[in-house]
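Have a look at the structure below, then the notes.
Every number here is computed from the coordinates shown, using simple stated rules; none is lab data. Model, not experiment: these values are computed from the prediction. Cβ: placed from backbone, ideal geometry, glycine included. Neighbour counts: every protein chain shown.
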Amino acid sequence: MAITSIKNLKEFSTNNDRFEGALTLCPGCAHSMIVRELMNCTDDNLVIASNTGCLEVSTAVYPFTSWDTSWIHIGFENAATAVTGAEAMHKARKRKGTLKDNDAPVKFVAFGGDGSTFDIGFQWLSGAVERGHDFTYICLDNENYANTGGQRSSATPIGAHTSTAQAGTHSYGKKQKKKDIVAIMAAHGAPYVAQLAPNKWKSMAKGFQKALETEGPCFINTVSPCCTEWKFDPKDTINITDLATDSLMFPIYEIIDGHELNILYRPKNVLKVEDYLAAQGRYKHLFKPENRHVIDEIQKNIDEYWEMLQRREEARV
Amino acid sequence: MQDLKLKAADKRGIHQLGGDELVGWDEVTQGIILTSFEGDASNVAHLKAEERNYSDFNSYTATVASWRVQKPVFNIDVCIDCQNCWVWCPDTSIISRDKQMLGIDYDHCKGCEVCVEVCPTNPKSLLMFNEQEDLETALSQWPEKKKKEK
């Protein structure tokens with residue numbers, strides 16, 4: 001079988017990379033860490049579709065491609081639709097026996113940024129999950145439209161400075177809360193929904209393998225720190241992700257069949273959210289005395305959400 | 001680059017439609033297909049990079065070395081082969097074979113310093129040096145093991 005060993009990093013590193021270098025993502029971008037990990041956790045043939053976004057524009061700079069698998073890009077919103085179309089065709093040709101190798105296992109994966117998942121491609125994603133195709137959708141959540149200059153998206157958290165929700169004398173940045181996409185996708189009844197982070201490589205690889213193995217539509221939201229728009233030093237990508245998961249800004253958990261919730265990572269020392277916010281330039285203005293109430297609000301939201309997750313895990317409903 | 005673009009255009013089917021002549025918008029095959037490999041590519045997951053038959057369209061054949069101001073230098077004497085750098089390198093630039101870290105692919109490295117940051121050894125087995133520094137001089141300047149502060 002084509003699942004590769006992830007017992008420890010040494011075993012994991014014997015995989016042959018199928019995502020090539022010389023792509024034009026910013027130095028230190030977490031997108032390619034996540035994509036590499038997905039492509040290394042299986043030996044199966046992959047069929048991948050990408051929404052428009054940082055990942056798409058920088059891995060397919062004409063006349064080059066960085067993908068060693070089948071890969072397609074059509075529009076901003078329709079990676080989910082494109083890949084489910086390919087999946088339906090594969091199923092039909094398998095039935096008719098017209099494939100070159102009828103037994104070769106093929107996995108279908110779609111990548112989207114948070115803009116194309118939370119906002120623009122949401123209808124397409126929702127439809128594809130409702131139709132019940134066998135595919136995995138991975139959202140690379142960097143909390144803004146980073147490809148077009150850092151505009152706000154519905155994934156941007158409250159208080160963040162973006163180019164269309166600017167912080168200044170009259171505003172403290174974005175005023176609305178982040179959309180809870182994991183809960184929304186779980187409500188679709190998808191068999192596997194999870195939120196994962198690249199710094200916990202093992203839980204991430206396990207989650208990816210589970211999603212690829214599970215029959216039916218799976219959704220994974222991954223945190224992808226963006227050094228350009230979150231305004232931190234490229235070398236700190238993994239440190240920022242550590243702060244995000246340890247301050248519970250991004251709890252790591254999975255929801256199976258829409259109800260069975262498992263928390264996959266419990267930080268030993270839960271950090272204050274201030275540590276996470278202080279490490280990034282986009283939250284700089286929150287530390288002015290008149291904006292301190294926003295930090296308190298963020299901390300309150302996080303505590304409430306963590307409490308909810310723990311209760312749901314206990315209740316198994 | 002221009003040659004590559006022409007070569008790519010061949011695959012779009014302009015030749016089947018009208019040879020060297022330009023064809024109208026409604027005659028052009030929509031979209032474009034770039035092949036990552038020459039010949040059969042069904043077994044790629046089991047081939048190491050040096051055994052693969054990359055085509056000219058694969059970005060493996062391109063380079064982003066000019067993006068770098070500083071480069072990471074690898075000291076094999078300190079390395080414990082934990083593979084942290086391999087799993088977190090965003091540019092597939094850590095060359096790792098048979099559970100051993102062998103070096104850095106300077107064609108694809110952009111010098112983001114993530115590998116230095118995640119290296120757990122004391123002293124670090126990866127450090128940043130100026131791009132112009134040659135490897136031997138860099139290795140001779142390697143810092144001593146730091147003592148634990150009490």
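Return the long-range amide H neighbours of A:ILE252 (sequence gap of 5 or more, or a different chain), with a cut-off of under 5 Å between placed amide H atoms.
A:LEU264, A:TYR265
What residues qualify as long-range amide H neighbours of A:ILE72, i.e. H under 5 Å apart, gap of 5 or more or another chain, H built at 1.01 Å from N?
Result for A:ILE72 returns A:ILE48, A:ALA49, A:SER50.
Tell me which lysines have Cα within less than 17 Å of B:LYS147's Cα, excluding those fewer than 8 residues away on the same chain?
Filter leaves B:LYS124.
Tell me, B:SER42, A:SER247, A:SER126, A:SER154 in order of fewest to most beta-carbon neighbours within 10 Å?
B:SER42, A:SER126, A:SER154, A:SER247
Which one, A:VAL317, A:ASN239, A:ALA155, projects farthest toward the positive side of the charge dipole computed for chain A from Cβ point charges (K/R +1, D/E -1)?
Selected residue: A:ALA155.
Suppose a student asked you for the relative contact order of chain A, using Cα pairs under 8 Å spaced at least 6 residues apart; what percent would you report?
Numbers: 607 pairs, mean separation 48.6, N = 317.
Result for chain A is 15 percent.
Counting only other chains, and only Cβ atoms inside 10 Å, what mean value do you get across the residues of B:40-46?
That average works out to 5.
When the chain is fully extended, how far beyond the present Cα-Cα distance does A:LYS94 get from A:ILE256, taking 0.36 nm per residue of separation?
Numbers: separation 162, 0.36 × 162 = 58.32 nm, distance 2.86 nm.
Between A:LYS94 and A:ILE256, full extension yields an extra 55.5 nm.
Based on Cβ point charges of +1 for Lys and Arg and -1 for Asp and Glu, what charge dipole magnitude is obtained for chain A about its Cα centre, in debye rounded to the nearest 20? Display every interim value, and only then the final one.
Values: 35 positive and 39 negative charges, 23 e Å.
Using Cβ point charges on Lys, Arg, Asp and Glu, chain A gives about 120 debye.
Take the residue pairs A:LYS10/A:LYS100; A:LYS94/A:LYS200; A:LYS206/A:LYS268; A:LYS107/B:LYS99 and return only those whose Cα atoms are more than 32 Å apart.
Beyond 32 Å: A:LYS10/A:LYS100; A:LYS94/A:LYS200.
Enumerate by residue number the trypsin sites (Lys or Arg not before Pro) in the range A:1-82 meeting two conditions: DSSP loop (anything except H, G, I, E, B), and at most 13 other Cβ atoms within 10 Å of the site's Cβ.
Here the trypsin sites (Lys or Arg not before Pro) that fit, given the DSSP loop and packing criteria, are A:LYS7.
Sorted from fewest to most neighbouring beta carbons within 10 Å, what does the list A:PHE12, A:PHE208 look like?
Result, fewest neighbours first: A:PHE12, A:PHE208.
If you take every residue apart from A:GLU20 with its C-beta less than 12 Å away from the C-beta of A:GLU20, what net charge results, scoring Lys and Arg +1 and Asp and Glu -1?
Around A:GLU20, the charge tally is -2.
Please report the spacing between the Cα centers of the range A:1-65 and the range A:162-238 in Å, no decimals.
17
Ignore the peptide's own chain and count Cβ atoms of other chains within 10 Å of each Cβ in B:55-64; give me the average, rounded. The partial results should precede the final answer.
Working: counts 1, 2, 5, 7, 16, 8, 3, 9, 2, 6.
Mean shielding count: 6.
With the cut-off at 28 Å, tell me which of the pairs A:LYS177/A:LYS272; A:LYS175/A:LYS231; A:LYS175/B:LYS110 have Cα atoms farther apart than that.
In this structure, A:LYS175/B:LYS110 exceed 28 Å between Cα atoms.
At 222 nm, what value in deg cm²/dmol follows for chain A if DSSP H runs of at least 4 each add -39500 (n - 2.57) and the sum is divided by all its residues, to the nearest 500?
Rounded to the nearest 500, the figure is -10500 deg cm²/dmol.
Based on the mean of other beta carbon atoms within 10 Å per residue, what is the order of A:43-54, A:97-108, most packed first?
Those peptides, ordered most packed to least, come out A:43-54, A:97-108.
What does the structure give for A:233-240 when I average, per residue, the other chain Cβ atoms found within 10 Å of the residue Cβ? Show your work: numbers first, answer last.
Numbers: counts 3, 7, 9, 4, 7, 6, 3, 0.
The mean count of partner-chain Cβ atoms within 10 Å per residue comes to 5.
Given the alpha-carbon gyration tensor of the range A:184-254, what are the semi-axes of its equivalent ellipsoid in whole angstrom, ordered largest first, with each equal to the square root of 5 times an eigenvalue?
The three semi-axes for the range A:184-254 are 26, 12, 10 Å.
Can you give the Rg to Rh ratio of the range A:195-317, both from alpha-carbon atoms, with Rh computed by the Kirkwood formula?
Taking Rg over the Kirkwood Rh, I get 1.00.
Where does the Debye-calculated log10 I(q)/I(0) of the protein assembly as shown sit at q = 0.06 Å⁻¹, using only Cα point scatterers of equal weight, no solvent?
The computed values of log10 I(q)/I(0) come out as -0.28.
Among the DSSP beta bridges whose two residues both lie in chain A, what percent are antiparallel, rounded to the nearest 5?
Bridges in chain A are about 35 percent antiparallel.
With unit charges on the beta carbon (Lys/Arg positive, Asp/Glu negative), name the residue among A:CYS26, A:VAL109, A:GLY121 whose Cα is farthest towards the positive pole of the charge dipole of chain A.
A:GLY121
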